[in-house]
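See structure below.
Each value in this text was obtained by applying a stated rule to the coordinates, not by laboratory testing. Everything quoted here is computed from the prediction, not taken from an experiment. Glycine gets a Cβ as well: all are built from the backbone with ideal geometry, and neighbour counts include every protein chain shown.
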Amino acid sequence: MKQVLLTSVLALGATIAFAETETNLTLVEGHTLLVSEIDGLGAADTDIVRFYINNNSGASREGWGIGGFANSDNWSPIVEWVGQAGNSWTYEYTVAKIKEVAGTTPGQWHDVGITINIYNDCAVDHVTLVGDIAPVTEQTLWEGDYTFDESWSGSVSIGKLNVNAGDKLMITAEPVQAVSWEWGSQVFVKSLADGWGAIAPTINVNQADTYTVAITDTDITVEPYNLDPYTSNMVYELNNYGLVLQGIDAKVTKVVLVKSGETAINEVEAAPAINHVIYNIAGQKLNAAKGLCVVNGKLIMVK
């Protein structure tokens, strides 16, 4: 009985936790897909990354291409397409193929990923992961309305977190109208260690949107203001020191932590067997019930 119950619970758990899903992926700064985000969703190498493309341009050289790790250099495409205006189509690649193209070397500006080049008005509408995706949970870390001006003096301090590699920070932000900084509106994810060193790529806030920061445990160089740089990783910084946001000419309204991972399924024990005490109507103890007898204080007829 125990084995039957356990098998049934496991089967039900698998259905709930790993039903086939199509999950939207985030393009960092609009053009880079990070491998850490795919890994953070619990994807298998055989799962599919699907690109949805629209070509609305009538100009020459309309089209798109994907390839290379997350850097403007060393970009070698795995596919390029040039076509007529008005077409919409999809391309699909396995997670294994995406990782093969991305390689293992971080780019100049981002973690390991692939760059998507878009020509003219051809647009990658969205990218999804299709497969048996592990469930995710969301936790709102901070919600409000804070504007970073041009003075660099303000901050949103959140404190220590409990994160693992593959988790994500979702930061909702928008640019302010009067931009004084030559690089435009920006938000910086920093460590609350002494000096507030940046621990993630700069978020360029080009429009009101939710921006994704993938949390990794790969080595990074943290360069705190007026302190010596040191080697660490995002997981360590966030768990041991905490998170603080700083920025310029941008407004932040929400910070959400998205944690990914498999749902734990605990073994279910069958209810212990009841030791039935059986007597005949004369009050004599029996080894098995038969005829008119008393079982656990109740008079029953057993044929």
Binning at 10 angstrom from zero up to the longest distance, how are the C-alpha pair distances of region 154-237 distributed in percent?
16, 46, 33, 6
In nanometres, the difference between 0.36 nm per residue of separation and the alpha-carbon distance of Trp181 and Glu150 is 10.5 nm
Within 10 Å of each candidate Cβ there may be at most 13 other Cβ atoms; applying that plus a DSSP loop requirement, which chymotrypsin sites (Phe, Trp or Tyr not before Pro) in region 140-213 survive?
Trp152, Trp183
Among 220-228, 201-209, 38-46, how do they line up from the highest to the lowest mean number of other beta-carbon atoms within 10 Å?
38-46, 201-209, 220-228
What pairs from Lys99/Lys160; Lys99/Lys259; Lys160/Lys254; Lys97/Lys190; Lys97/Lys160; Lys99/Lys251 go past 25 Å between their alpha carbons?
Lys99/Lys160; Lys97/Lys190; Lys97/Lys160; Lys99/Lys251
